[in-house]
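So the structure is just underneath, and the comments pick up after that.
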Protein chains: 2
Amino acid sequence: MAQAGAAVTLSDVAREAGVSVATASRALNGSERTVRPDLAERVAAAAKLLDYSANAQAQAMAKGATTVVGLIVHDIADPYFSAIASGVSRAADDAGLLVMLSATLGRPEQEVRYLRALRAQRGRAAIIVGSRRTERDRALDAEIAAFEQAGGRVVAISQARLPVDTLVIENRAGATALARELTALGYSRFGVLAGPADLITAQDRHRGFTQGVVAAGHPAPTAVHGDFTRDGGYRAMTELLDSAGELDCVFAVNDVMAMGAIAACRDRGIRLPDDLALAGFDDIATLRDISPSLTTVRLPLTELGEQAMSLVAEAPAGSPRRRRVKGSVVVRDSTPPRHSQR
Amino acid sequence: MAQAGAAVTLSDVAREAGVSVATASRALNGSERTVRPDLAERVAAAAKLLDYSANAQAQAMAKGATTVVGLIVHDIADPYFSAIASGVSRAADDAGLLVMLSATLGRPEQEVRYLRALRAQRGRAAIIVGSRRTERDRALDAEIAAFEQAGGRVVAISQARLPVDTLVIENRAGATALARELTALGYSRFGVLAGPADLITAQDRHRGFTQGVVAAGHPAPTAVHGDFTRDGGYRAMTELLDSAGELDCVFAVNDVMAMGAIAACRDRGIRLPDDLALAGFDDIATLRDISPSLTTVRLPLTELGEQAMSLVAEAPAGSPRRRRVKGSVVVRDSTPPRHSQR
DNA sequence: CCTAACTGGGTAAGCGCTTTCCCTCAGTGT
DNA sequence: ACACTGAGGGAAAGCGCTTACCCAGTTAGG
């Protein structure tokens, strides 16, 4: 065995097999050219003997193409993102690609940093997941351009704010549909845990919901903003409970916030769904089983990840493609039909 | 602008700045040697002008070291793993490293495949997370050796089965402690959702729990095996409910299975915790807030990820290091004190 | 039989960096 | 003045692959 750090190289294998490196390369890593069977066999044997593993960096350099795909999410511990990541991972696996994970923790400048790092890696593509902010991010636009200039593909999951192929989630329509269901169930005084004011996903869901409620002839919901997290939901719910008047149903703009809302209710002694109904958005797995099970708008998260990967595989179109993704309302126990107590 | 695919190279920058590539390299990417300030500035300006980004592959090849760390988990959508991944990600970020994610979906041969891919990438390290199986995996041992031979570090999180630095989770002790608490609360007839029979983590937790129960003078729990997943928990719980006699408390060997158990109870009309108490293991975030909140054994998942990264950074010891990680029992509402109804 | 067309091995030129090594030039000490 | 040193620029040798390109040996067609 060679000493540590001295990896086996192709020329080691070639020498062992008694052929040139060209032949070894052709035999092991495939090419147009065929290699005489007996030689191919000898090379394979040598490679196996030495436990050779081709240096992917060198290969990438020589052929000018890597097998790395970057995945940029806000927070991998958040079930929303981890479900998407799971889909990406599976699809990448099928395509023989490797996934480079980065979590921005909500800091937009990190997106730029990671994309830059990915460009340095000459990544084949980048998948950017997560809501855009209202304010346009010039630095990100520039880095995206540079990344594509270098031959990489970029795909986004969220809003059509970036000049790249995008899986656009129909937040607004989904929230409106939810509002419609909820009003049909008999609810009329709504509260909204609205998420961060500058996060487009949060805005869209909030607006869509409001629109649906108003369309049904009810007053616009009382909204409280807060982080797009469990703690944000907790705080927003607490504030809503303190400030708002009588409410019969609360809509958390995502399930993770609903999670926090549930905790806040528990701490306040408010029983769900008897004292108050609650609905979320996303349909993250863990909230399907709790009791009361959460009414929400289901998004096909894992498939979203897979679809993003398939967009990566397709040839780039002249202009950015937009693929709309619908959510479907799932009514569960947290919003039972309300028999108006008049 | 150059045409697509033609990335800017160091020699482009050097030409633009009117210096040699050597100087450009020294100015941009640092080295022992210093560069005269005015030249350095000119190079920096040229780099900025051309939006140069060093080819990491080429750098890696030239200096023989990459900045990639591999993370191998069973399933990134599982909150247990995503929490750990979150810690790894954060720590990698601080260390200026990139994380390559792979999900084995429980197939041991995938671990080997990924580790091999990581070796091809000349990854600096690999972090393998997740329970080992009883059967020894020679292929994995061999690939680990090869990986280290090539200069990479390997760290595991789970059991001390692999010949590498490991964060060993005290599953057994944790489960015993949990049993002790539970018996102290007055429970005596236990069931266990035991996970896969050949998964060591599951075994250890099951055994530890049994030991604790028996030590308290109660009969050994009835066990039902099942996948280490939500669905596995659901099925195991259903089976347990059908087959076992009167039970007052069920221990799911991980929280995700407990999730399924909760669903099974709901579908059977069994109220938690009134009709039955339930406890889990891991303390995944989403289960802290539901009601009844789940009694479990808390594991510092995120920190586990961070610690693994710090082990990666440390110089390798002569023989594998083992760092024991304790869980702490957290009693919540799913196991209220039981006032024995005799 | 002779030559054209293949087949398939080897040589060597990169891919984009880092890093020796060499060399010039300015600043020192005497 | 003069050898001596250190600072710092540049040429060039790799790092480990792939892939033209060249060329010898076969086979096939006439």
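Examine region A:46-67 for a residue that is among the β-branched types (Val, Ile, Thr), under 30 Å from A:ASP227 (Cα atoms), touching a helix residue (DSSP H, G or I) at 6+ places or on another chain (Cβ under 6 Å) and away from DNA strand D (no atom under 11 Å from the Cβ), and state whether such a residue exists. Among the residues of region A:46-67, not one is among the β-branched types (Val, Ile, Thr), under 30 Å from A:ASP227 (Cα atoms), touching a helix residue (DSSP H, G or I) at 6+ places or on another chain (Cβ under 6 Å) and away from DNA strand D (no atom under 11 Å from the Cβ), which makes the answer no.
Quick one: in region A:42-63, of everything that is free of Cβ contacts under 8 Å to residues at least 24 places away in the same chain and charged (D, E, K, R), which residue is farthest from B:ALA142 (Cα to Cα)? It comes out as A:LYS63.
Residues in region A:211-240 that are in a helix (DSSP H, G or I) and either of a type in the set (Phe, Trp, Tyr) or surrounded by 19 or more Cβ atoms within 10 Å (Cβ to Cβ) (or both): A:GLY212, A:VAL213, A:ARG230, A:GLY232, A:GLY233, A:TYR234, A:ARG235, A:ALA236, A:MET237, A:THR238, A:LEU240. The set of residues in region A:264-292 that are over 27 Å from A:GLY130 (Cα atoms) and in a loop (DSSP other than H, G, I, E, B) comprises A:GLY269, A:ILE270, A:ARG271, A:LEU272, A:PRO273, A:ASP274, A:ASP275, A:LEU276, A:SER291, A:PRO292. For region B:103-117, the set of residues classified as within 7 Å of another protein chain (Cβ to nearest Cβ) and in contact with a Leu (Cβ under 8 Å, 6 or more places away or on another chain) consists of B:ALA117 only. Here A:ARG288, A:ARG268 are screened, and the one residue that is over 30 Å from A:PRO320 (Cβ atoms), within 12 Å of chain B (Cβ to nearest Cβ), in contact with a Ser or Thr (Cβ under 9 Å, 6 or more places away or on another chain) and of a type in the set (Lys, Arg) is A:ARG288. Within region B:34-71, being surrounded by 22 or more Cβ atoms within 10 Å (Cβ to Cβ) and away from DNA strand C (no atom under 14 Å from the Cβ) holds for B:VAL68, B:VAL69, B:GLY70, B:LEU71. Checked against (1) in contact with a strand residue (DSSP E or B) (Cβ under 6 Å, 6 or more places away or on another chain); (2) in the same structural domain as B:GLY217 (by TED's automatic domain parsing); (3) not basic (Lys, Arg), B:THR176 meets all criteria but (1). Output yes when any residue across region A:22-33 is farther than 24 Å from A:GLN121 by Cβ, more than 10 Å from DNA strand C (Cβ to nearest atom), of a type in the set (Lys, Arg) and surrounded by fewer than 20 Cβ atoms within 10 Å (Cβ to Cβ), and no when none is. There is no residue in region A:22-33 that is farther than 24 Å from A:GLN121 by Cβ, more than 10 Å from DNA strand C (Cβ to nearest atom), of a type in the set (Lys, Arg) and surrounded by fewer than 20 Cβ atoms within 10 Å (Cβ to Cβ). I'd like the full set of residues that are over 16 Å from A:ALA58 (Cβ atoms) and near DNA strand C (Cβ under 10 Å from one of its atoms), limited to region A:9-21. Selection gives A:ALA17, A:GLY18, A:VAL19, A:SER20. Of the helices (runs of 4 or more DSSP H) lying entirely inside region B:1-96, the ones with 2 or more residues being facing another protein chain (nearest Cβ under 10 Å) and under 17 Å from B:ILE128 (Cα atoms) are found at B:79-94.
On the given criteria, is A:ALA77 modelled with pLDDT under 95 and either in the same structural domain as A:VAL154 (by TED's automatic domain parsing) or within 8 Å of DNA strand D (Cβ to nearest atom) (or both)? Criteria not met by A:ALA77. Out of B:ALA91, B:ALA7, one residue alone is modelled with pLDDT of 95 or more and either under 30 Å from B:MET309 (Cβ atoms) or more than 15 Å from DNA strand D (Cβ to nearest atom) (or both). It is B:ALA91.
The values are calculated or read from the model by the stated rules, or taken from the named source; none is laboratory data. Computed from a predicted model, the values in this text were never measured in an experiment. Every residue, glycine among them, receives a Cβ derived from its backbone with ideal geometry; neighbour counts consider all protein chains shown.
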